[in-house]
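To start, the structure itself, in structure tokens.
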Amino acid sequence: MCVDEDVYYCNVYGSEGSASLSPLRINKELHGNLVNLAPPKMEPPQHIFKRSYENELKHFFGAIRDLHPVISTADEAVQRMRITDAVYRSVRLGKEVVLK
């Protein structure tokens, strides 16, 4: 079998929603209904990545200058690190890793 392009995907499932890449889908339970929160039109990936870094830097410097509060709390950062660690463990073990 030959694939002309690399295939990238990521699926994340939670108790209140799910998300996937390629294509982007974001589903969240709101008021008892599953709602699609994905943007209707996607920009080219290179624009999205560039803009995400620009926004991250703008926010970081704005927070340092006390122009606005930091968006993410330390607890949220710890949760992201747990998820990242679980992804690496899943790859190493070759099976699903459940977070509690």
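The values are calculated or read from the model by the stated rules, or taken from the named source; none is laboratory data. Because the structure is predicted, anything quoted here is derived from the model rather than measured. Cβ: placed from backbone, ideal geometry, glycine included. Neighbour counts: every protein chain shown. Quick note on the areas: whole protein, heavy atoms, side chains included, nothing else; ligands and nucleic acids left out. Shrake-Rupley method; radii C 1.70, N 1.55, O 1.52, S 1.80 Å.
Could you check the stretch 43-87 and list, in sequence order, the residues that are over 19 Å from VAL12 (Cβ atoms) and β-branched (Val, Ile, Thr)? The answer is ILE64, VAL70, ILE71, THR73. If you go through the stretch 40-61 and keep only what is within 19 Å of ARG25 (Cα to Cα) and hydrophobic (A, V, I, L, M, F, W, C), you end up with MET42, ILE48, PHE49. Scan the stretch 81-96 for residues that are within 13 Å of the chain's Cα centre (by Cα) and open to solvent by less than 100 Å² (accessible area, probe 1.4 Å) and the total you get is 3.
Consider the stretch 18-37. How many of its residues are farther than 19 Å from TYR8 by Cα and assigned to a strand (DSSP E or B)? First the steps, then the outcome.
In the first step, residues of the stretch 18-37 are kept if they are farther than 19 Å from TYR8 by Cα; the result is 27-37.
From what is left, the residues that are assigned to a strand (DSSP E or B) are 27-30, 33-36.
Residues flagged as farther than 19 Å from TYR8 by Cα and assigned to a strand (DSSP E or B) within the stretch 18-37 amount to 8.
Taking the condition in a helix (DSSP H, G or I) and either touching a residue at least 40 places away in the same chain (Cβ under 8 Å) or out of contact with any helix residue (DSSP H, G or I) (no Cβ under 8 Å at 6 or more places or on another chain) (or both), does GLU56 pass? Against the criterion (in a helix (DSSP H, G or I) and either touching a residue at least 40 places away in the same chain (Cβ under 8 Å) or out of contact with any helix residue (DSSP H, G or I) (no Cβ under 8 Å at 6 or more places or on another chain) (or both)), GLU56 qualifies.
Say whether the condition of being of a type in the set (S, T, N, Q) and touching a residue at least 12 places away in the same chain (Cβ under 8 Å) is met by at least one residue in the stretch 36-51.
no
Close Cβ contacts (under 8 Å, 6 or more residues apart or on different chains) running from residues in the stretch 14-35 that are closer than 20 Å to LYS100 by Cβ to residues that are assigned to a strand (DSSP E or B) and of a type in the set (Asp, Glu) comprise GLU16/GLU29; GLY17/GLU29.
Of everything in the stretch 62-71 that is more than 22 Å from the chain's Cα centre (by Cα) and not in a loop (DSSP other than H, G, I, E, B), the residue that is modelled with the highest pLDDT is GLY62.
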